[in-house]
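Working notes for the structure below.
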Amino acid sequence: MPGWHGFPIRERMQALWGKPVRLLNDADLGALGEHAFGAARGLQDMVYIKVGTGIGAGFLLGGHVYLGATGAAGEIGHITLDPEGPLCTCGNRGCLEAMAGGAALARRAIQAIRAGTPTVLAHHAPLESLTARDIGEAAHRGDHMSQQLLADAGRLIGISAATLVNLVNPQMLVVGGGVAQVGDLLLSPIRDAVRRRSLRASAEVVQVQAALLGRRSTAMGAVALAQHHAVRMLAGCPT
Ligand SMILES: [Zn+2]
């Protein structure tokens, strides 16, 4: 995360509070939250995709969160979709996040408005303050440009999600995060792309669901993580 690289967050918080501190990223916690309390209860293999300003994924495989060698697993937002595409925060071009994340949606809407595309958002002032939430609200009111932007974003997220489905063969993809709160306007094109582009053996079993906990998946994942470690500590197990 820009500005935080190398900063000992966990150690500082632990010293401040005098209590054990665990640290996971928002997508990993979202997977834990939906697995413990949400759409993926009882499943062993699921992927949580968080679509907010950026895009990330959390893997729960064999009933355990999979973090990778350095905790960086699940960065679906940095799959390259167009090598000549827009610049991403990671320094590469054409990443999924740079084309379909919340910040990218806002940027594309502003470009379209400046190019004269008719939309109810044309009078938004100042135009630079336009957000993905504004686009979602306009789409629900029937604004064609906003609906089209969300459909395009959903299609790109679905193409990338189909790759994940082929790689890890999950029982469920849970789609959450702020932008995902628009519901089927984003979820339907994701479902469609996953169904079309993942191999039959995986596509036949995977369910694509909205996060049952809405915006709270990550916070509830933190609760699940704290519960897990508290129980292990009380039982005298290593945490
Ligand atoms: Zn990137």
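Tabulated data
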{"quantity": "Most positive-pole-ward Cα, Ala201, Gly154, Pro238, against dipole of the stretch 110-239 from beta carbon charges", "calculated": "Pro238"}
{"quantity": "Efficiency of FRET from Cβ geometry, Ala222 and Tyr66, R₀ 22 Å, rounded to 0.05", "calculated": "0.75"}
{"quantity": "Check: the stretch 148-209 dipole with +1 on Lys, Arg Cβ and -1 on Asp, Glu Cβ, in debye", "calculated": "180 debye"}
{"quantity": "Inter-site label distance for Ala125 and Cys237 at 7 Å from Cα along Cβ, in nm", "calculated": "6.0 nm"}
{"quantity": "Backbone N within the stretch 113-144 under 15 Å of label point (7 Å from Asp184 Cα along the Cβ vector)", "calculated": "140-142"}
{"quantity": "Computed over the stretch 176-225: relative contact order in percent, which uses C-alpha pairs under 8 Å that are six or more apart", "calculated": "52 percent"}
{"quantity": "Relative contact order computed over the chain (Cα-Cα under 8 Å; 6+ residues apart), in percent", "calculated": "24 percent"}
{"quantity": "Carbon/sulfur fraction of accessible area - the chain, other protein chains in place, 1.4 Å, %", "calculated": "56 percent"}
{"quantity": "Dipole of the chain, positive end: most advanced residue of Ala115, Gly56, Leu185 [Cβ charges, Cα centre]", "calculated": "Gly56"}
{"quantity": "Relative contact order (%) - criterion: Cα under 8 Å, at least six apart; region: the stretch 83-203", "calculated": "23 percent"}
{"quantity": "Karplus (6.51, -1.76, 1.60) ³J(HN,Hα), θ = phi - 60°, over the stretch 128-143, in Hz, Gly and Pro reported as x", "calculated": "5, 8, 4, 10, 4, 5, 4, 5, x, 5, 5, 4, 5, 8, x, 6"}
{"quantity": "Nonlocal amide H pairs with Gln207, under 5 Å, H built at 1.01 Å", "calculated": "Met172, Leu173"}
{"quantity": "Pairwise FRET efficiency - Arg195 versus Arg107, Cβ, R0 = 30 Å, nearest 0.05", "calculated": "0.55"}
{"quantity": "Cα shape, the stretch 1-88, gyration tensor, a/c 1.5 rule", "calculated": "oblate"}
{"quantity": "Pair Arg114, Trp4: separation of 7 Å Cα→Cβ label points (nm)", "calculated": "3.0 nm"}
{"quantity": "Residue-normalised accessible area of the chain, given per residue in Å² at a 1.4 Å probe", "calculated": "53 Å²"}
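The values are calculated or read from the model by the stated rules, or taken from the named source; none is laboratory data. All values reported here derive from a predicted model rather than from experimental measurement. All Cβ positions, even for glycine, are placed from backbone atoms using ideal geometry, and neighbour counts span all protein chains on display. Heads up: the accessible areas ignore ligands, DNA and RNA and are worked out on the full protein's heavy atoms, side chains in. Shrake-Rupley method; radii C 1.70, N 1.55, O 1.52, S 1.80 Å.
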